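Beneath this line is the structure, given in structure tokens, with notes to follow.
Rule-based calculations on the coordinates, nothing more; no lab input. Values in this document were obtained by computation on a predicted structure and should not be read as measured data. Please note: Cβ atoms are built from the backbone with ideal geometry, for glycine as well, and neighbour counts cover all protein chains shown.
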Amino acid sequence: MNIKDIVNRDLVNLTNCEQEPIHIPGSIQPHGFLLGLKGDLLNIDYCSENTAQYISLFHSQLLGKDFAEVFGEESAISLKQFIEDGKQITANLLQLRLAGVDFLCTLHKNADDIWILEAEPVDITKQAGNESYNQTSQLLRYMHDMHSLKDLCQLVAEGTREITGYDRVMVYRFDKDYNGEVFAESCREDLEPFLGLHYPHTDIPPQARELYMKNLLRLITDIDYTPVPIYTLDDSAQKNLDMSLSVLRSTSPIHVQYLHNMGVGATLTISLIYKKKLWGLIACHHYSPKNLTPELRLAAQLQGHFITSQIDVRQASEEYELSKKVNAALERITNITLTNEAGLQEIISQPEILNLCNASGVSIVYNNTVYSSGITPSEEQVLHLASWCATCSNHTSYTTTKLSDVLPELRNISESVSGLLYQSLDIHNISSIMWYRQETRTEVHWGGDPSKSIIKDEKGLSPRRSFSLWKEIVDRTSNEWLSYETEAAASFAYALQRQLNLIVITREEEKYRKLSELLRETNSELENINWISTHDLQEPLRKIQLIASRLLSKEKDLPETVQDAVLRMNGSAERMQTLLVDILKYTRIKHHHTPLVPVNVMQLIEEVKLDMTETKNEKNAEVIVHDLPIVMGIPFLMKQLFVNLIGNAIKYASAERSPVINIIAEPGVVNVEEGENSLPYYLIKVTDNGMGFEPQYAEKIFNIFTRLHAQPDMRGSGVGLALCKKIMQTHNGIINAVSIKDVGTTINLYFPAI
């Protein structure tokens with residue numbers, strides 16, 4: 001049986017530490033031993049080298065054997081029962097007797113389905129259970145008297161130190177970039193306090209933060225420990241053990257060197273998880289080796305739960321008074337009603353608009369006009385800001401606390417305008433409202449120069465050695481925009497946007513009202529003109545026709561030229577009279593609102609044929625009617641429609657053949673594309689064998705006053721087909737024409753089938 005260790009011997013330094021696989025070190029700390037078990041029989045597949053120190057059995061005697069075979073059936077049953085009960089998480093402890101020795105064990109399954117059993121002896125000097133309970137109960141009582149989050153964190157730091165006995169306990173809080181701040185601290189009186197110091201994000205690399213999210217408690221009992229290698233059976237290449245949740249997992253040499261540089265001898269770290277993110281840590285330091293019983297570790301871990309469970313409550317309490325002021329300002333200012341753009345100046349002058357976001361200045365941009373109050377940029381700079389923010393935020397919202405970083409060209413105003421809160425008022429232009437904040441110059445205390453977090457010397461790169469106080473002046477930066485301030489800004493912007501939209505709508509309504517009045521007046525004038533043209537103008541035309549008739553009948557000796565002129569005058573008067581009658585018909589159809597009723601088209605056309613008997617006989621025309629559907633229509637308009645179509649077919653008949661007109665319907669319904677929808681129609685075709693026309697005139701022929709044939713013997717006003725189109729529109733139908741010159745024409749009539 002071949003055995004190998006899985007120690008990760010890859011060279012780790014600060015150039016590659018962010019890629020260091022710290023979850024598979026292949027070794028553990030020596031204050032306990034580790035077994036890796038697989039399968040239902042819990043076969044020992046991994047074993048730390050130090051088992052002989054605790055149970056007098058070497059790793060070579062354990063690897064490859066089942067747990068029951070080595071430790072007895074009773075211990076195996078206890079372990080399997082622990083697994084079946086679902087208690088196999090690091091927060092639950094299992095007491096096992098292994099090879100005659102009592103151990104407190106933690107158990108978990110890793111990502112590769114290996115059960116990791118970590119055992120520590122139970123004979124470590126430990127605090128009485130009731131003492132730990134009393135301290136925890138006292139902490140819970142004190143919590144009710146703590147109103148601020150900072151006070152609570154300070155209480156937890158003191159309580160954790162009392163429970164654990166560490167020299168220094170810190171509550172360490174991360175910012176958005178994972179730079180850390182010592183937010184609360186309890187330490188020995190002879191130690192230099194770290195409270196308020198900041199530490200760069202490089203002190204805790206990303207993969208370490210990821211493990212803090214998975215494993216909420218991390219213990220190093222002695223910084224100078226010698227790592228204990230883990231062995232396994234040599235049965236596959238590149239075999240390793242994921243120890244992300246392990247209690248005994250060995251520590252990165254880079255982190256050990258960092259702690260050495262700080263002078264620390266032992267550490268305990270508890271993760272603070274808030275809204276599924278690493279909010280901070282409870283960091284415990286001791287300046288000599290120190291171990292805790294598993295029970296005390298869990299008691300200390302409970303302190304972290306106290307903090308994270310109270311973050312929302314405490315932050316809400318801290319923000320309550322401030323948010324009350326903001327909400328009161330929002331309520332007062334949203335009660336102001338705008339009647340026009342001039343009212344924006346009144347709104348911008350209200351002190352509440354600044355209190356809304358605790359700002360030092362505000363600007364409203366509307367229709368490229370700037371309204372400002374307080375400390376603001378120039379009008380030109382405001383317009384530039386509004387344009388940039390509209391593009392940057394896609395006409396939504398935008399905030400920054402350091403305007404000079406995103407717009408270096410405005411660096412000259414960064415003292416008076418460092419912070420910006422932008423809310424768009426229109427998705428189509430730069431209309432917006434912007435609040436500004438002045439620079440808040442602050443002094444940040446770092447635990448060592450953050451720019452020197454990595455030291456380069458003759459040995460290469462190494463963690464920084466200096467943690468002395470280093471001061472940084474932060475300028476050109478405003479206070480953070482808090483959530484209740486941004487929410488109040490959004491609420492006000494929405495209310496203002498509604499009022500501005502109401503102004504636009506009111507103005508548009510007034511414009512349309514005036515246009516409607518003008519249209520009514522115009523229509524009234526047109527109706528008067530139509531009355532004059534159809535009544536008053538017909539009287540002189542009748543007189544012209546009467547005089548022409550008398551001249552032609554009584555004056556027998558008129559010169560031929562005079563007689564010809566009188567005939568032309570009479571013909572012109574007749575055409576004018578026809579035109580006036582057609583115009584009257586057209587305008588009446590335009591304003592018709594008669595309801596649709598079922599119309600028997602075949603019966604209607606038979607009536608038309610009877611009415612047109614004389615016209616048909618004069619041209620020897622034949623009208624053939626096939627089966628036609630019943631459609632919804634206005635009977636007298638449909639009659640006018642077919643009179644016009646049949647009349648046109650006879651009028652524009654070919655000189656070489658007698659007119660034949662076929663009126664036929666497509667069977668069933670047809671679908672016609674109308675916009676996005678395909679609608680069902682009845683299709684009736686009126687086909688003749690007349691003159692026809694060129695295809696390019698297929699749409700033009702339906703325009704009013706359009707005539708394609710200019711022969712003097714073909715009387716017509718150019719209104720007939722326009723009248724047919726208007727009738728079809730009144731029926732929500734469609735009309736079009738298909739023609740071949742000198743062959744004939746087909747007029748397609750589409751009547752809605754519903």
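Nearest 0.05, what FRET efficiency do D627 and C392 give at R0 = 60 Å with Cβ-Cβ as r? Computed FRET efficiency for D627 and C392: 0.30.
A cut-off under 12 angstrom between Cβ atoms defines the neighbours of T613, and their net charge, with Lys, Arg +1 and Asp, Glu -1, is -2.
Placing a label point 7 Å from the Cα of D222 along the Cα-to-Cβ line, the residues of the stretch 267-294 whose backbone N sits under 15 Å from it are 267, 287-292.
Charge tally around L500: other residues with Cβ under 9 Å, Lys/Arg +1 each, Asp/Glu -1 each, net -1. With a simple spin-label model that places each label point 7 Å from the Cα along the Cα-to-Cβ direction, the separation between N501 and L546 comes to 6.7 nm.
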